[in-house]
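Novice: Sharing a structure, written as C-alpha cells. Questions coming.
The values are calculated or read from the model by the stated rules, or taken from the named source; none is laboratory data. Small disclaimer: the values here were computed from a predicted structure and weren't measured. Neighbour counts are summed over all protein chains in view; Cβ atoms, including those assigned to glycine, are modelled from backbone coordinates with ideal geometry.
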C-alpha cells in the first residue's frame, strides 16, 4: 500500500470517530481540506441514517460537498455559538495542541467558525504531530491583494521567508474572500505566541494559520489505531 493511501485510511478512521460524537440538535462547523472532506463524508452518512444537525461550512468547496450529501446548512452569522467544529490541520503541536492550518486555503473562514465554537475537534494522521509548530510546514498568511508585495516585504523582515501561493494552473491562488496567501516558512517556533503577535501587527495581513489555544480534542489515526489527545 502506498504511503498516501495509508494516510488516507488513517484520516478516514479518525473522521469516523469524530463524526460518531455528534448528536441530534447540534450546530456543527464543517472544516475545509482533504482531511475535513473525510469528516464531511462521515457526517453525511450519519445524516442519511437519521442524524439531525445543521452544518456551518467554512468554504465554498465544503458547501458544495455538504449540499451534495444532504447535510442541512446555515451561515455562521445565524448562530451565536457552534457546538462542535470538525476540521483537519497541517501541524499539531504535542502538549499544547496548537495548530497550523490553511493548506486548503480557507484559514480565515475556518478561524471565524472556530472562534465561535464550543469544542474544536481536529482529525489528523500521526504524520501531522510535531514538537514545535513550523517544524515541517509554512504558516499560511492571508493578505489583501492591494500592495501585497509591500506586505511580503514586511513578512520577510520578521523572518517569514514568504512565498506567494499559486494554483495548479500557475495563477495566483485567490481565497473565497478575494485575498492572496503568502506561505511563510519561519521554521520551528520556540515561542509561537511571539510569532502570532508579529503577524497580528503586520499591516496588510488579514489572518494567519496559527490556531493557538483553540483546540478541544485531537483524534489521531495511526498504525496502532485511533488515539485521542486533549490539551495538557
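Novice: Take the residues of the stretch 138-155 that are out of contact with any helix residue (DSSP H, G or I) (no Cβ under 6 Å at 6 or more places or on another chain) and in a strand (DSSP E or B): which is farthest from residue 203 (Cα to Cα)?
Specialist: Here the answer is 139.
Novice: Residues being farther than 27 Å from residue 85 by Cα and surrounded by 15 or more Cβ atoms within 10 Å (Cβ to Cβ): count how many of those fall in the stretch 122-157.
Specialist: Taking the stretch 122-157 and keeping what is farther than 27 Å from residue 85 by Cα, we get 145-157.
Now narrow it down to the ones that are surrounded by 15 or more Cβ atoms within 10 Å (Cβ to Cβ): 148, 151-152, 154-155.
So the count comes out to 5.
Novice: Follow-up. Against the condition more than 27 Å from residue 26 (Cα to Cα) and under 12 Å from the mean Cα position of the chain (by Cα), how does residue 140 come out, does it pass?
Specialist: Working: more than 27 Å from residue 26 (Cα to Cα): yes; under 12 Å from the mean Cα position of the chain (by Cα): yes.
It is true that residue 140 is more than 27 Å from residue 26 (Cα to Cα) and under 12 Å from the mean Cα position of the chain (by Cα).
Novice: Mind telling me which of the residues 22, 51, 30 ends up being in contact with a helix residue (DSSP H, G or I) (Cβ under 8 Å, 6 or more places away or on another chain), buried (at least 24 other Cβ atoms within 10 Å of the Cβ) and modelled with pLDDT of 95 or more? Outline the logic, then answer.
Specialist: On the way: 22 fails: buried (at least 24 other Cβ atoms within 10 Å of the Cβ); 51 fails: buried (at least 24 other Cβ atoms within 10 Å of the Cβ).
Within the list 22, 51, 30, the selection yields 30.
Conditions (1) assigned by TED's automatic domain parsing to the domain that holds residue 217; (2) free of Cβ contacts under 8 Å to residues at least 60 places away in the same chain; (3) within 20 Å of residue 200 (Cα to Cα); (4) touching a strand residue (DSSP E or B) at 6+ places or on another chain (Cβ under 6 Å), marked per residue:
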{"position": "72", "(1), (2), (3), (4)": "yes, yes, no, yes"}
{"position": "83", "(1), (2), (3), (4)": "yes, yes, no, yes"}
{"position": "109", "(1), (2), (3), (4)": "yes, no, yes, no"}
{"position": "114", "(1), (2), (3), (4)": "yes, no, yes, yes"}
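Novice: For the structure I just gave you, tell me whether residue 178 is exposed (fewer than 14 other Cβ atoms within 10 Å of the Cβ) and in contact (Cβ under 8 Å) with a residue 12 or more places away in the chain. Don't jump to the end; show me each part of the working.
Specialist: Numbers: exposed (fewer than 14 other Cβ atoms within 10 Å of the Cβ): yes; in contact (Cβ under 8 Å) with a residue 12 or more places away in the chain: yes.
Against the criterion (exposed (fewer than 14 other Cβ atoms within 10 Å of the Cβ) and in contact (Cβ under 8 Å) with a residue 12 or more places away in the chain), residue 178 qualifies.
Novice: Determine whether residue 132 is closer than 24 Å to residue 167 by Cα and either modelled with pLDDT of 95 or more or out of contact with any helix residue (DSSP H, G or I) (no Cβ under 9 Å at 6 or more places or on another chain) (or both).
Specialist: No; evaluated as a whole, the condition is false for this residue.
Novice: Among (1) under 11 Å from residue 140 (Cα atoms); (2) touching a strand residue (DSSP E or B) at 6+ places or on another chain (Cβ under 6 Å), there is one condition residue 185 misses while meeting the rest; what is its number?
Specialist: (2)
Novice: Could you please tell me which pairs satisfy a Cβ distance under 6 Å, a separation of 6+ or placement on different chains, a first residue in the stretch 199-211 that is in the same structural domain as residue 158 (by TED's automatic domain parsing) and assigned to a helix (DSSP H, G or I), and a second residue that is buried (at least 21 other Cβ atoms within 10 Å of the Cβ) and modelled with pLDDT of 95 or more?
Specialist: 199/208
Novice: I would also like to ask the following. Looking only at the stretch 212-224, count every residue that is at pLDDT 95 or above and either exposed (fewer than 12 other Cβ atoms within 10 Å of the Cβ) or part of a loop (DSSP other than H, G, I, E, B) (or both) and tell me the total. Steps first, answer last, please.
Specialist: Residues of the stretch 212-224 that are at pLDDT 95 or above, as a first pass: 212-220.
Right, trim to either exposed (fewer than 12 other Cβ atoms within 10 Å of the Cβ) or part of a loop (DSSP other than H, G, I, E, B) (or both) and you get 212-216.
Residues meeting the conditions: 5.
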